[in-house]
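A quick write-up on the structure given underneath.
The values are calculated or read from the model by the stated rules, or taken from the named source; none is laboratory data. Model, not experiment: these values are computed from the prediction. Cβ: placed from backbone, ideal geometry, glycine included. Neighbour counts: every protein chain shown. Calculation scope for accessible area: heavy atoms of the full protein, side chains included, ligands and nucleic acids excluded. Shrake-Rupley method; radii C 1.70, N 1.55, O 1.52, S 1.80 Å.
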Amino acid sequence: MKDKIRLAVKNLDYTLLAFLLLILCAGLMVLKSASVSAAVKNDTNYLLQQGLAALVGLILILGMQSIDISRLMNFEKLIYGLMNLMLLAVLLFGESAKGAQRYLDVGPIRIQPAEPAKIMLIFCLAKYLGGKNGQLKTWRQLIPALIYGAIPLGLIVIQPDLGTGLVIVAILFGMLLAGGGSLWKLLLMFGGGISGVVVWIYGHVNMGWWLPLEDYQLMRLLVFIDPEYDPRGWGWNLIQAQITVGSGGLWGQGWGRGAQTGSGYLPEQWTDFIFCVLGEEFGFVGCFVVLALFFALLMRCLVIAARAKNLFGGLVISGVVSMLLFHILQNVGMVVGIMPITGIPLPFISYGRSALLANMMAVGMVLNVGVYKDAALF
């Protein structure tokens, strides 16, 4: 154990850890403004809960470095089965919130199994694809890998949780590409899937086709195309989000001084729309700094992947980077109107204990790959 602690202290990527801490601090600052405004109608102390979750996450990250996660590869089937059982349990015993059945109550704690499921899928898929040794060029080789990821994807989509489902798709694409999949085949499959969804939605709106989406999810897609379709209803969030971000200008209105934030015009401003608070109070400069920190964190992850001497480690990091990158692009894109609203939080910034812990564990896996980068597995 002492040798492992020495190895962790020696090889831990403190640069990546520093970027993570800076983003966490920025997130807590923005959350303080977002959660004390008139929009919060209950007694929940979001800042305290998020801070405690961040502290637990840091302890988990450091604890993870005492064991080489690649040694857990023999338990891939067990972890994969447990992941799917968790997602199935949500459908059978879960609690409903915001039109979807996504949560499990475990005593006094409410968890969202889809969040740890993303991390478990990255681990399991890295083991599965690593065993293929880059042999994913043909359809016969590629389709079983897609089915492997499609099972948890299907369990998440039917909750329904469209946002997390899209994250799973991004993870699959990134890891299959890193695992040796043909780029044009992947583009053909995923592009064809997106085209099929568009046709399906068109058929639902115009011809009454059945669609496995709640009405609010469909309306989010429609107001993305035209926010004025229902400006005082489903289009309200998007319109207010754009007003809030734009009102910050270059330097912002100042920490805790955002007019839109303080008046409560923007719903869910401490979760899905927290980037709007950042834009209003810290302006373009503040947004640029936070996005630059995200870019630095992701680039540092890729540096660690390049140094890893085993395929498993590289695949794990490709999954983590794909997941975080999609979260960032989707969340920022939806609040400025270039992506549909899907309820995807901004990593390490938005309030949400399950999501925060899952994302921190993902970074912990990246750091673990760096600590044990010299292990040769495949």
- Which one of these is assigned to a helix (DSSP H, G or I), surrounded by fewer than 17 Cβ atoms within 10 Å (Cβ to Cβ) and free of Cβ contacts under 8 Å to residues at least 60 places away in the same chain: ALA145, ALA150? ALA150
- Task: Scan the range 335-364 residue by residue and report those that are open to solvent by 10 Å² or more (accessible area, probe 1.4 Å) and in a helix (DSSP H, G or I).
- Result: ARG353, SER354, ALA355, LEU357, MET361
- Between residues in the range 8-23 that are surrounded by 16 or more Cβ atoms within 10 Å (Cβ to Cβ) and residues that are not in a helix (DSSP H, G or I), which pairs lie under 6 Å by C-beta distance while being six or more apart or on different chains? ALA8/GLN65; ILE23/PHE348
- Note on the structure: Matching residues in the range 43-71 (open to solvent by 60 Å² or more (accessible area, probe 1.4 Å) and at pLDDT 90 or above) number 7
- Item | Residue selected from the range 332-378 under the condition touching a Gly at 6+ places or on another chain (Cβ under 6 Å) and at pLDDT below 90, by the criterion farthest from GLY63 (Cα to Cα) | MET339
- Check VAL332 against each of (1) within 14 Å of the chain's Cα centre (by Cα); (2) buried (at least 24 other Cβ atoms within 10 Å of the Cβ) and name the one condition it does not meet. (2)
- Note on the structure: Selection from the range 153-172 of residues surrounded by fewer than 16 Cβ atoms within 10 Å (Cβ to Cβ) and assigned to a helix (DSSP H, G or I) yields GLY154
- Message: For the list (1) open to solvent by less than 40 Å² (accessible area, probe 1.4 Å); (2) within 24 Å of ASP13 (Cα to Cα); (3) outside any helix (DSSP H, G or I), I need the number of the one condition that LEU136 fails.
- Response: (2)
- Message: Checking the structure you have, find out if any residue of the range 25-39 is at pLDDT 85 or above, within 22 Å of VAL369 (Cβ to Cβ), assigned to a helix (DSSP H, G or I) and β-branched (Val, Ile, Thr).
- Response: no
- Residue among MET175, MET189, MET219 that alone is at pLDDT below 75, open to solvent by less than 60 Å² (accessible area, probe 1.4 Å) and assigned to a helix (DSSP H, G or I): MET219
- Residues (open to solvent by 50 Å² or more (accessible area, probe 1.4 Å) and at pLDDT 90 or above) located in the range 73-113: PHE75, LYS77, LEU78, LEU82, LEU85, LEU88
- Message: Quick check on the range 243-263: of everything there that is farther than 19 Å from MET334 by Cα and either in contact with a Pro (Cβ under 8 Å, 6 or more places away or on another chain) or in contact (Cβ under 8 Å) with a residue 60 or more places away in the chain (or both), which residue is most open to solvent (accessible area, probe 1.4 Å)?
- Response: TRP255
- Flag if GLN135 is among the polar types (S, T, N, Q), modelled with pLDDT under 85 and within 15 Å of MET175 (Cα to Cα): yes
- Message: Name the single residue that is modelled with the highest pLDDT among those in the range 249-308 being assigned to a loop (DSSP other than H, G, I, E, B) and of a type in the set (Ser, Thr, Tyr).
- Response: THR271
